[in-house]
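Note sheet for the following structure.
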Number of protein chains: 2
Amino acid sequence: VALNSRAFRSVGRPRQASAADSRALLLDAAVGLFAEFGIAGTSTAKIAAKGGVTAAMVHYYFADREQLIDAVAAERLQPIVTAVWSPVVDSREIEPMLHGLVQRIVSAAAANPWLPSIWLREVISEGGQLRARLLKKLPLEHVKHLVNTVTAAQRRGELSPELEPRLVYVSVLGLTMLPLASFDAFKQVPILRDIERQDIARHAQALLASAFARRTRQRTGST
Amino acid sequence: VALNSRAFRSVGRPRQASAADSRALLLDAAVGLFAEFGIAGTSTAKIAAKGGVTAAMVHYYFADREQLIDAVAAERLQPIVTAVWSPVVDSREIEPMLHGLVQRIVSAAAANPWLPSIWLREVISEGGQLRARLLKKLPLEHVKHLVNTVTAAQRRGELSPELEPRLVYVSVLGLTMLPLASFDAFKQVPILRDIERQDIARHAQALLASAFARRTRQRTGST
């Protein structure tokens, strides 16, 4: 699954863009502006201007504003959520599961720099306009697999019973998306200025590896 | 330090509020509205209406909108940041330091329900209107104490060298403020519906305690 929708557009194409290209360009313009100014702070005219078309053309592709926002959720955010979460079910062990999850989130943010900001502002924040649209299609079976894996490890005595299995998913997002969304702010704080995305991945992976390491290795007989 | 400004207002007071009361009431109205609609989405007229005064009265207490936002940063957010961070320098060990930090953040959010939303939207998010105001007064000496404590433990071989000391502070915020800000969204997700603030504190404390437990206890001789 392509994490970066831009990969679908070829660079050396003739000037006359196809309808599919124009539509994709408008969605790209929309996510960039939504990340910077929020959905409420972005007019359709601004999206048209950034996409290099008239406002009438925006309405040609997206009958109304709600349809445009639906398309951003379904065609830009949802494929990333699916690509990030689907491989979770391939792991039966917590550590590699969380390690892969962190790497895919950080890679998705590197390929789609608008992602953390939109996620923070429009999914997590109160009144976020993408929250309801994404919650409807949460990859619940993958989240449940993670919850069940943590719960089973707790039952075997390998993990602290104080950990809340249902919050592990939220913890992974907090350890990745929050610093990724703070990237611009980091540049203004002297001690954080040279933090890179890969530092965020490495730190989150190390923290989760220590936090979810088996407490009583003798019980399992290996590793 | 009072984490909840409402504690300053007595309930059975005569109808004629003092000037200090009116000003405090307007700041309370402002933070509530900012948390719900964002600063950009909150007009001065709305704040006046919620505070039960005219827009002219808002201008009497706060000459312009910038002054009102300055006052929210200096009189509502800054005291919380100080109360949450100051005790950090009293700990020389990482685990109690992080345990206390988590508890104070969660308590501050319980006493000031507007806190996580405003922090996420106006401090962390791109274009947040409180970001520059708060960054100027970051409790850097406390953050540095945390960074130095983690670095020293790494040098003694007690912590994974893969952990990034400068990101520990951000990790604590990600493990607390992010789920606290998602509280409303949790209510719409069946498996997260009954998560309480204290579950968030307990989980973050357990996760951090495991992640920052000494790796080689024999080196230190005791715990």
Matching option when the condition is at pLDDT below 95, under 22 Å from B:GLY128 (Cα atoms) and not basic (Lys, Arg), among B:GLY32, B:GLY41, B:GLY51 = B:GLY41
Elements of type helices (runs of 4 or more DSSP H) in the range A:121-223, at least 3 residues being more than 21 Å from B:VAL147 (Cβ to Cβ) and within 10 Å of chain B (Cβ to nearest Cβ) = A:131-135, A:140-155, A:168-181
inquiry  = Residues to consider are A:ALA110, A:ALA181, A:ALA185, A:ALA152; find the one that is without any contact (Cβ under 8 Å) to a residue 12 or more places away in the chain and over 30 Å from A:ARG215 (Cβ atoms).
reply    = A:ALA185
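Residue by residue, here is whether (1) within 29 Å of A:GLU126 (Cα to Cα); (2) in contact with a Phe, Trp or Tyr (Cβ under 8 Å, 6 or more places away or on another chain) holds:
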{"position": "B:LEU146", "(1), (2)": "no, yes"}
{"position": "B:LEU159", "(1), (2)": "no, yes"}
{"position": "B:GLY174", "(1), (2)": "yes, no"}
{"position": "B:MET177", "(1), (2)": "yes, yes"}
{"position": "B:LEU180", "(1), (2)": "yes, no"}
{"position": "B:PHE183", "(1), (2)": "yes, no"}
task = Return a yes/no flag: does the range B:101-110 have any residue that is over 24 Å from B:PHE37 (Cβ atoms), at pLDDT 95 or above, surrounded by fewer than 21 Cβ atoms within 10 Å (Cβ to Cβ) and not small (Gly, Ala, Ser).
result = yes
query = Within the range B:33-64, how many residues are within 17 Å of B:ARG121 (Cβ to Cβ) and either free of Cβ contacts under 8 Å to residues at least 24 places away in the same chain or in a helix (DSSP H, G or I) (or both)?
reply = 10
inquiry  = Any residue at all in the range A:89-96 that's more than 20 Å from A:SER210 (Cβ to Cβ), in contact with a Lys or Arg (Cβ under 9 Å, 6 or more places away or on another chain) and more than 10 Å from chain B (Cβ to nearest Cβ)?
reply    = no
ask   = Which condition number does B:MET177 fail, the rest of (1) under 16 Å from B:LEU98 (Cβ atoms); (2) surrounded by fewer than 23 Cβ atoms within 10 Å (Cβ to Cβ); (3) not charged (D, E, K, R) being met?
value = (2)
request  = Keeping to the range A:1-29, report how many residues are modelled with pLDDT of 60 or more, surrounded by 14 or more Cβ atoms within 10 Å (Cβ to Cβ) and not hydrophobic (A, V, I, L, M, F, W, C).
outcome  = 4
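The values are calculated or read from the model by the stated rules, or taken from the named source; none is laboratory data. Every value quoted in this text rests on a predicted model; they were computed, and no experiment measured them. As a convention, Cβ positions derive from the backbone with ideal geometry for all residues, glycine included, and neighbour counts pool all protein chains shown.
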